[in-house]
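Asks: Just dropping this structure here.
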Amino acid sequence: MLFRSGAAWDDKKNDEKRGVAETPEEEMTLIGSGSGVIIAPGYVLTNQHVIKDATKIDVLDPKDKRRKRMLPATLVASLEDPDVALLRCENLDGDAVLLSDGTPRRGRDIMALGYPLGARLGMVLKSSRGAIISEADPELPMGGFLHSATTNGGNSGGPIVDQTGRLIGLVVAVTTRNFTENTYSIGIPTDQIWPFLKKHLP
């Protein structure tokens, strides 16, 4: 599930069609993107930072084979810690993922899914395999867990699933890389997301 979010154009100031070079900077639309997962019919779970400050949120229709149709969505609730947001998309037609009620165990094989780098890598869903490197750690952001599946910008909010396809976490961050370090990704475990969903999901 891909998201686009941004500051909408002021239609009153844009009655005439103009090229980008002619459009004042303050009138241009700023667009960000991220990933998410259908958590219940018509509801999508993602990261709060994916939709933060957005004035308009669109969700890529998973049934559109051309991968062009976007569906309007509204924010139901969000939190900074854990970094989660729940969206309502009434016209969304897709299967909801099953949530694991256990905590990710070290060494367990996983898969991360999403839309890394948005349209730069194409609008087809991407997946990468890896393993849990560490169990949930209070020293990591939001008490997350480390995993070795490859993720990039745009994967944020995307699902991390186990070998049975159950959701065990959400992609939230990537550790930095330098000449002496490998890069790992950080996931928010579902046991930290459950209280948020029980409060805000009908």
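Asks: Under a plain spin-label model, where a point goes 7 Å from the Cα along Cα-to-Cβ, how far apart in nm are Ala119 and Leu75?
Replies: About 2.4 nm, to one decimal.
Asks: Once you order the gyration tensor axes a ≥ b ≥ c over the Cα atoms, which shape class does segment 50-149 get: rounded for a/c under 1.5, otherwise prolate or oblate by comparing a/b with b/c?
Replies: Verdict is prolate for segment 50-149.
Asks: Can you tell me the length gained on complete extension of the stretch Thr55 to Arg67, counting 0.36 nm per residue apart and subtracting the Cα distance?
Replies: My answer for the length gained is 2.1 nm.
Asks: Which is farthest toward the positive dipole end of segment 43-137 among Leu60, Pro104, Ala131, measuring Cα position about the Cα centre, with Cβ charges +1 (Lys, Arg) and -1 (Asp, Glu)?
Replies: Final value for the positive-end residue is Leu60.
Asks: By accessible area of protein heavy atoms, probe 1.4 Å, what ranking do Leu201, Leu87 get, highest first?
Replies: Leu201, Leu87
Asks: Net charge within 14 Å of Lys126 by Cβ-Cβ distance, Lys/Arg positive one each and Asp/Glu negative one each, not counting Lys126 itself?
Replies: Counting the neighbours of Lys126, the net charge comes to +3.
Asks: Assigning unit charges at the beta carbon (Lys, Arg +1; Asp, Glu -1) and nothing else, what dipole magnitude in debye, to the nearest 20, does segment 46-202 show about its Cα centre?
Replies: In total the dipole reaches around 680 debye.
Asks: Mind giving me the nanometre distance, one decimal, between the label points for Thr164 and Glu90, set 7 Å out from Cα along Cα→Cβ?
Replies: Between Thr164 and Glu90, the label points sit 3.6 nm apart.
Asks: If you wrap a convex hull around the Cα atoms of segment 108-202, how much volume per residue is inside, in Å³?
Replies: Spelled out: Cα convex hull of segment 108-202, divided by residues, is 117 Å³.
The values are calculated or read from the model by the stated rules, or taken from the named source; none is laboratory data. Everything quoted here is computed from the prediction, not taken from an experiment. Here the Cβ is made from the backbone with ideal geometry for all residues, glycine too, and neighbour counts use every protein chain on show. Side chains are part of the model used for accessible areas, which takes the heavy atoms of the whole protein and leaves out ligands, DNA and RNA. Shrake-Rupley method; radii C 1.70, N 1.55, O 1.52, S 1.80 Å.
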